[in-house]
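The block underneath contains the structure these notes are about, expressed in structure tokens.
The values are calculated or read from the model by the stated rules, or taken from the named source; none is laboratory data. Bear in mind that the values here come from a model prediction, so they are computed numbers and not experimental data. With ideal geometry, Cβ positions are generated from the backbone for all residues, glycine too; neighbour counts draw on all protein chains shown.
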Amino acid sequence: MPLPYVLLSAAVSLDGFLDDTGPERLLLSGPADFDRVDEVRAAADAILIGAGTIRADNPRLLVNSAERRAARIAEGRPEYPLKVAVSGTGELDPAAHFWHTGGDRLLLTTDRGAARARELGVAADIVTLGEELEWRAVLEYLHDARGVRRLMVEGGGTVHTQLLLQELADEIQLVLAPLFVGDPAAPRLFGPGAYQRGRLRLLETRRIEDVVLMRYVPTAPGTGRGAANAADRHWLALACELAARCPPSRTAFSVGAVVVAADGTELARGYSREGGDPVVHAEEAALAKTDPADPRLATATVYSSLEPCAHRSSRPVPCARLVLDAGVRRVVTAWREPDTFVTAADGSGVLAAGGADVVVLAEYAGRAKAPNGHLLG
Ligand SMILES: NC(=O)C1=CN([C@@H]2O[C@H](COP(=O)(O)OP(=O)(O)OC[C@H]3O[C@@H](n4cnc5c(N)ncnc54)[C@H](OP(=O)(O)O)[C@@H]3O)[C@@H](O)[C@H]2O)C=CC1
Ligand SMILES: Nc1c(N[C@@H]2O[C@H](COP(=O)(O)O)[C@@H](O)[C@H]2O)[nH]c(=O)[nH]c1=O
């Protein structure tokens, strides 16, 4: 199921707090950083916050720049991004600014919360997602029913923690502010939990007056059987980019592949016909760069823009078998092999029979096919 690109945005003190316990919102960002936040909002289809932030901050969550709003309109988008609040209880102040400013407002809640919010007269489109609020259901609803492709999440800590723990965050934009809160009762950005193993990847640092913006992306492959996480989407997109680098051929597919350890370390990458070998396949090229004795292969994931091959004439061992022989037991791919060169090739079937988990993210099929258009008729 395609999901929106989920960007978590927050500012923290040097001792890791999102706010203090006083009645006013703590300003961690400075003017220039708030303007950057405004720009990030303007680029989003929707901005989401938890009910706790509405209660604590009474935010408006607007795009404040008239130029940015005008640019949105000129692009055929609504003047303001959709504002989304999540609440289980529906215990919300109907007079809060959130419900009376900006463009469309949506409350995503439970059956019980919807009844309570309606009783209170909350001025929003109130949508229940059942007895419990599941984050994957929230994101699927926003993508499918509301057309949200880019979602900015502006807290608070409870919401950020859940999205990160459930591996649904594609990016963290974190601002570190040079002040201390020092009050253990103040809210923290991330609470305790079983986070992804390994290190996140740093995309960018930027000095903005006296604060520093850090942009991180999760890298650790998913672990749930048949399910993908945000890092899986990132790595598969990279495999599709590698496919576009293949020397063109009229007699073979262009495919990219990446081998990634469970902690998010890239072990190897490859693409079809790499290095002047006219018949080498992407998975074969990537696996050849790994050490067969590397214990990380047993828990690694292979990302391949096209499913690993099940039959080949150019080499004795097909790629699905090479993957299994390497000890890898998880493959994420964008596209099942069509009958162009081999009828009913079923690399996924070979992998599954060998005990591997195969995840097909069909939303990347367009990118995987793009360098192969001339072969598809
Ligand atoms: N510095 C910064 O960048 C930011 C700071 N903040 C600060 O964060 C603090 C608020 O954070 P926090 O208290 O963690 O609140 P949150 O904004 O994360 O909201 C938590 C609430 O959201 C609802 N919710 C979240 N997940 C679920 C779920 N899975 N199912 C049902 N309901 C859910 C619940 O609402 P309900 O209780 O109605 O059921 C829950 O109490 C404030 O002090 C604010 O100033 C906030 C944003 C950014
Ligand atoms: N305090 C704080 C943030 N707080 C976020 O900004 C929201 C309020 O936005 P607005 O309605 O435009 O005033 C607030 O509810 C919370 O989500 N964000 C930041 O980038 N830096 C900060 O220092």
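Quick notes on this structure:
- Index of the failed condition, Pro278 passing every other in (1) modelled with pLDDT under 95; (2) within 15 Å of Lys369 (Cα to Cα): (2)
- Residue check for Leu18: modelled with pLDDT of 95 or more, near ligand 2 (Cβ under 8 Å from one of its atoms) and exposed (fewer than 14 other Cβ atoms within 10 Å of the Cβ): no
- Qualifying helices (runs of 4 or more DSSP H) (wholly inside the range 280-377; at least 2 residues being crowded, with 16+ Cβ neighbours inside 10 Å): 282-287, 319-325, 347-353, 365-369
- Taking the range 77-104 as the range and being more than 13 Å from ligand 1 (Cβ to nearest atom), over 23 Å from the mean Cα position of the chain (by Cα) and not aromatic (Phe, Trp, Tyr) as the test, the residues that pass are Pro78, Glu79, Pro94, Ala95, His97, His100, Thr101, Gly102, Gly103, Asp104.
- Taken over the range 31-60, residues that are in a loop (DSSP other than H, G, I, E, B) and more than 22 Å from Glu171 (Cα to Cα) amount to 3.
- Every condition in (1) free of Cβ contacts under 8 Å to residues at least 40 places away in the same chain; (2) within 15 Å of ligand 1 (Cβ to nearest atom); (3) not in a loop (DSSP other than H, G, I, E, B) is met by Gly22 except one, and the failing one is (3).
- Pair list, Cβ under 7 Å, 6 or more apart: the range 270-282 residue within 16 Å of Cys309 (Cα to Cα) and of a type in the set (D, E, K, R), other residue in a helix (DSSP H, G or I) and modelled with pLDDT under 95: none
- Cβ-Cβ under 7 Å pairs, at least 6 apart or on other chains, the range 144-162 side in the same structural domain as Arg55 (by TED's automatic domain parsing), far side among the small types (Gly, Ala, Ser) and within 6 Å of ligand 1 (Cβ to nearest atom): Gly155/Ala10; Gly155/Gly50; Gly156/Gly50; Gly156/Gly52; Thr158/Gly50; Thr158/Gly52; Val159/Gly50; His160/Ala10
- Qualifying residue in the range 42-50 (condition: within 14 Å of ligand 2 (Cβ to nearest atom), over 30 Å from Tyr364 (Cα atoms) and outside the structural domain of Leu361 (by TED's automatic domain parsing)): yes
- Against the numbered list (1) without any contact (Cβ under 8 Å) to a residue 60 or more places away in the chain; (2) surrounded by 17 or more Cβ atoms within 10 Å (Cβ to Cβ), Arg118 comes up short only at (2).
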